[in-house]
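A short write-up of the structure that comes next.
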Amino acid sequence: MATKAAAQSFELAERETILETRSIGHGASVGDDFAVYFDDLRLARPLKFTDLPNTTHAVRKPILFVGSCSEEFKGIPHELSAGPLEFEAYLIWTPKVVPTEHQGVLARVHGSSGTPFDPTFMRYQVSEQTRLKQITCEIFVTRGLEAALNIDRESFNFAHPHVVYLTQWLHATLRRVATEQKRIAAEIRADRRESAEAEARAALSNVALKAWREESDDPGAEPPRVVFAEHPDESLFEPGTYRFRRKPILGEESARAKVADSTTEKQMQALVQLLAAFDVLEHLSEQQQERLLAGIREILEASA
């Protein structure tokens with residue numbers, strides 16, 4: 001991902017790799033013929049990408065971000081730029097990073113690193129403490145950065161041009177990761193709310209439908225339509241529709257917002273159908289019906 005370009009989402013087919021689809025991942029490969037054994041036990045990178053712990057977070061599955069960068073520093077003298085810099089990187093956001101030692105960023109120069117994961121993400125100053133603890137990142141440098149290693153080879157010279165550039169790239173990418181993760185979480189929460197509201201509306205309709213069919217002794221009967229409108233003109237609705245003025249029953253806020261799909265309105269529609277099934281409204285005047293329904297709505301809101 002280039003720091004100025006918009007993030008692009010993609011999906012992998014079964015057994016498909018990012019290297020095949022996006023040609024990203026060369027830096028992470030050390031070849032099939034390279035292996036390290038200790039007491040006949042083959043050692044592997046101790047990183048866990050699947051079967052991570054579940055939490056109550058809206059986003060239950062990890063989100064993978066990948067990107068690459070190649071900077072030639074054209075027009076800048078070598079003594080100021082330290083030459084070209086190329087790297088690939090991935091960032092994984094997950095509700096809980098396990099083990100916690102993998103929270104942070106790890107830079108590998110030609111596949112090797114003498115440093116642990118840096119939980120500060122190269123001194124990232126933005127207050128994202130919770131989200132930073134949910135991110136693990138590896139940067140694979142294939143060109144440059146060698147001169148930025150300190151003599152102990154366990155830390156970097158943060159004044160080196162390559163480290164300065166890499167730090168800026170990482171911090172810009174972290175901001176975009178946070179933005180994208182927030183967007184995905186918001187979409188999931190909105191979908192869940194919509195699904196929950198749909199289930200609630202269906203449950204309300206089922207209560208009114210059951211009562212209507214039982215009282216009419218007709219399994220195929222449907223309850224009448226109920227409409228709340230600013231001007232419930234009889235000529236605008238089909239016969240048998242229960243028409244009510246919105247403001248006296250649903251209140252001032254509802255009248256101004258004109259929300260036709262609110263939970264309160266759905267509850268009141270179901271209540272009207274239920275009351276109609278028992279002929280409660282038949283002998284009441286329009287004003288009495290409005291006062292009765294407004295009182296029921298106030299009780300529902302007071303107990304919410």
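The values are calculated or read from the model by the stated rules, or taken from the named source; none is laboratory data. Predicted model, so just to flag it, every value in this text is computed and none were measured. All Cβ positions, glycine included, derive from the backbone under ideal geometry; neighbour counts span all protein chains shown. To get the accessible areas, we keep the full protein, side chains included, count just its heavy atoms, and leave off ligands, DNA and RNA. Shrake-Rupley method; radii C 1.70, N 1.55, O 1.52, S 1.80 Å.
Report the number of Lys pairs in region 132-284 whose alpha-carbons are under 20 Å apart, with separation of 8 or more residues or on distinct chains.
Final tally of qualifying lysine pairs is 5.
With each run of n ≥ 4 DSSP H residues scored as -39500 (n - 2.57), what mean residue ellipticity at 222 nm is computed for the chain after dividing by its residue count and rounding to the nearest 500 deg cm²/dmol?
So the helix-based figure for the chain works out to -12000 deg cm²/dmol.
How would Arg192, Arg42 rank on accessible area, largest to smallest, probe 1.4 Å? Don't skip to the answer; put the middle values down first.
Numbers: Arg192 110, Arg42 130 Å².
So the residues, ranked largest to smallest area, are Arg42, Arg192.
log₁₀ I(q)/I(0) of the chain at q = 0.08, 0.10, 0.14, 0.16 Å⁻¹, via Debye over equal Cα point scatterers, no solvent, to two decimals?
-0.60, -0.71, -1.04, -1.29
What number, in percent, do you get for the relative contact order of region 113-186 if the mean sequence gap of Cα pairs under 8 Å and at least 6 apart is divided by its residue count? Mind dumping the intermediate values first?
Numbers: 31 pairs, mean separation 23.1, N = 74.
Rounded, it is 31 percent for region 113-186.
Set the Förster distance to 35 Å, then compute FRET efficiency between Val280 and Ala58 from the Cβ-Cβ distance, nearest 0.05.
0.25
Treat each spin label as a single point 7 Å out from the Cα along the C-beta direction, and report the Ala172 to Ala202 distance in nm.
Result for the modelled spin labels: 4.7 nm.
With a 1.4 Å probe and all protein chains in place, put Trp93, Trp212 in order of accessible area, largest first. Mind dumping the intermediate values first?
Values: Trp93 0, Trp212 55 Å².
Accessible-area ranking of Trp93, Trp212, largest first: Trp212, Trp93.
Let me have the relative contact order for the chain, percent, based on Cα pairs under 8 Å that are six or more residues apart.
Relative contact order for the chain comes out at 13 percent.
Roughly how many whole Å is it from the C-alpha centroid of region 129-171 to that of region 36-72?
Spelled out, the Cα-based centre of one part sits 18 Å from the other.
Can you give me the long-range amide H partners of Ile139? Hydrogens built in the peptide plane at 1.01 Å from N, cutoff under 5 Å, separation of 5 or more residues or another chain.
Leu106, Ala107, Arg108
Let's see if you can work this out: charge +1 on each Lys and Arg Cβ, -1 on each Asp and Glu Cβ, no other charges. What is the dipole magnitude of region 6-132 about its Cα centre, in debye to the nearest 20?
Around 540 debye, computed over region 6-132.
Nearest 5 percent is fine: what portion of the DSSP beta bridges confined to region 45-188 is antiparallel?
In region 45-188, DSSP labels about 75 percent of beta bridges as antiparallel.
What translational diffusion coefficient, in µm²/s and rounded to a whole number, does the Stokes-Einstein relation yield for region 31-152 at 4 °C and a viscosity of 1.567 mPa s, taking the hydrodynamic radius as the Kirkwood radius over Cα pairs? Please report the intermediate quantities before stating the final value.
Working: Rh = 16.7 Å.
It diffuses with D of about 78 µm²/s by this estimate.
At a probe radius of 1.4 Å, what is the per-residue accessible area of Val141, in Å² to the nearest 10?
0
Report the charge-dipole magnitude of region 140-269 in Debye, nearest 20, computed about the Cα centre from +1 at each Lys and Arg Cβ and -1 at each Asp and Glu Cβ. Let's see the in-between values first.
Details: 20 positive and 22 negative charges, 135 e Å.
Roughly 640 debye for region 140-269.
For q values of 0.17, 0.23 Å⁻¹, compute log₁₀ I(q)/I(0) with the Debye formula on a Cα-only model of region 177-255, without solvent.
For region 177-255, the Cα-only Debye profile gives -0.90, -1.07.
Return the tail of the calculated pair distribution for region 134-227, meaning the percent of Cα-Cα pairs more than 17 Å apart.
That fraction is 72 percent.
Report the one residue of Ala276, Val227, Val164 whose Cα lies farthest in the direction of the positive end of the charge dipole of the chain (charges on C-beta: Lys and Arg +1, Asp and Glu -1; origin at the Cα centre).
Positive-most Cα among the choices belongs to Val164.
Taking the Cα centre of the chain as origin, sum charge times position over the Cβ atoms of Lys and Arg (+1) and Asp and Glu (-1), and report the length of that vector in debye to the nearest 20.
That gives a dipole near 880 debye.
Residues of region 56-75 with the amide nitrogen closer than 20 Å to a label point 7 Å from the Cα of Glu187, along Cα-to-Cβ, please.
57-67
Given the options Ala178, Leu52, Ser127, identify the residue whose Cα lies farthest towards the positive end of the charge dipole of the chain (+1 on Cβ of Lys, Arg; -1 on Cβ of Asp, Glu).
Ser127
Order the following by accessible area, largest value first: Arg297, Arg176. Probe radius 1.4 Å; ligands, DNA and RNA are ignored. Before the final figure, lay out the partial values.
Values: Arg297 25, Arg176 50 Å².
These residues rank, largest area first, as Arg176, Arg297.
In whole Hz and in residue order, list the ³J(HN,Hα) couplings for region 274-279 that follow from phi through the Karplus curve 6.51 cos²θ - 1.76 cosθ + 1.60, θ = phi - 60°; x for Gly and Pro.
5, 5, 5, 4, 9, 6
How much accessible surface area, in Å² rounded to 10, belongs to the heavy atoms of His160 with a 1.4 Å probe?
Rounded to the nearest 10, that gives 20 Å².
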